[in-house]
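J.: This is the structure, below, for whatever I ask next.
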Amino acid sequence: MDYLLAVTLFAISSSVTPGPNNIMVMTSGVNFGVKKSLPLLIGICLGFSLMLLVVGFGFAQLFALYPTLHFIIKCVGVVYLLYLAWLIASSSSDVENSRQATPFSFMKGALFQWVNAKAWIVATGAIAAFTSSGGDLLTQQLIISLTFFIVSFPCVGVWLLFGSMLQNALNSQSHRRIFNLSMAGLLVLSVLPVMHEIISQLLK
C-alpha cells in the first residue's frame, strides 16, 4: 500500500504541474472547448502510459548505450515544441471564424510524448525511483503505467476544464489573441532548459 501511495503521489505531482502537455490541453480548451479537445486529452494520457512501459522495458538502457540517440531525440523535441508554439501563436483568434484550425488529434497527443522533454524526465524518473531489481519488474512497471494512466485524466483534465471556462471569458478576438500568444510564450519558456542543455553539450 505504501508503494502504491508513493507512486500515486508522484503521478499527481508530475501530471498536474505546468508543462507542454497541460499548456497544449488548456489552449485547446480555450479555442475548441472540452468535447473537441477530448481526443487530445485521451491521446496524451494513453500515450504517456505506453511510453512509461517502453522506457521500463529497456529504452533507458538503450540511451545509456547510445547517448547520441537521446541527444537527437532532445533536439527533434525542441524543434517540434517550438513549432507547436508557433502554431499556437499564429492560430486564429477570431471566435466566429468558421475556418479555424482543428484541435490536435488523439494520435498527435500520443506521439507528442516522444518529443516532450518533461515526459522523458518524468518517465525515466518514475522507472528509476519505483522499480527495484529485487522485485517483480514487470508487475512494478505495469503498476506505474496504470497509476499514471488513471491519475493523468483528472490532473490533465483540470487544465482542459480551466481552458474551457476561459473560453467564455475570452470572447473577443483581441483577448483570445493575447491568450494564444501567452501560451505560446510559456511553451517556449518550458523548452529553454532543454535548449540550454543541448547548447552546453554542443560546446563541450
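J.: Taking the stretch 57-116 as the search range and keeping residues that are outside any helix (DSSP H, G or I) and among the hydroxyl-bearing types (S, T, Y), which one is modelled with the lowest pLDDT?
T.: Filtering the stretch 57-116 for residues that are outside any helix (DSSP H, G or I) and among the hydroxyl-bearing types (S, T, Y), the one modelled with the lowest pLDDT comes out as S98.
J.: Does the stretch 181-204 hold any residues that are free of Cβ contacts under 8 Å to residues at least 60 places away in the same chain and in contact with a helix residue (DSSP H, G or I) (Cβ under 7 Å, 6 or more places away or on another chain), and which are they?
T.: Correct list: empty.
J.: Within the stretch 34-41, is there a residue that is among the β-branched types (V, I, T), more than 23 Å from W114 (Cβ to Cβ) and within 18 Å of the chain's Cα centre (by Cα)?
T.: Scanning the stretch 34-41 turns up at least one residue that is among the β-branched types (V, I, T), more than 23 Å from W114 (Cβ to Cβ) and within 18 Å of the chain's Cα centre (by Cα).
So that you can scan it fast, the table gives a plain yes or no per residue for (1) touching a strand residue (DSSP E or B) at 6+ places or on another chain (Cβ under 8 Å); (2) under 22 Å from L84 (Cβ atoms); (3) surrounded by 14 or more Cβ atoms within 10 Å (Cβ to Cβ):
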| residue | (1), (2), (3) |
| --- | --- |
| A119 | no, yes, yes |
| A123 | no, yes, yes |
| A129 | no, no, no |
| L142 | no, no, yes |
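The values are calculated or read from the model by the stated rules, or taken from the named source; none is laboratory data. Just so it is clear, the structure is predicted and the values come from calculations on it, not from any experiment. Every residue, glycine as well, gets a Cβ built from its backbone with ideal geometry; the counts of neighbours run over all protein chains shown.
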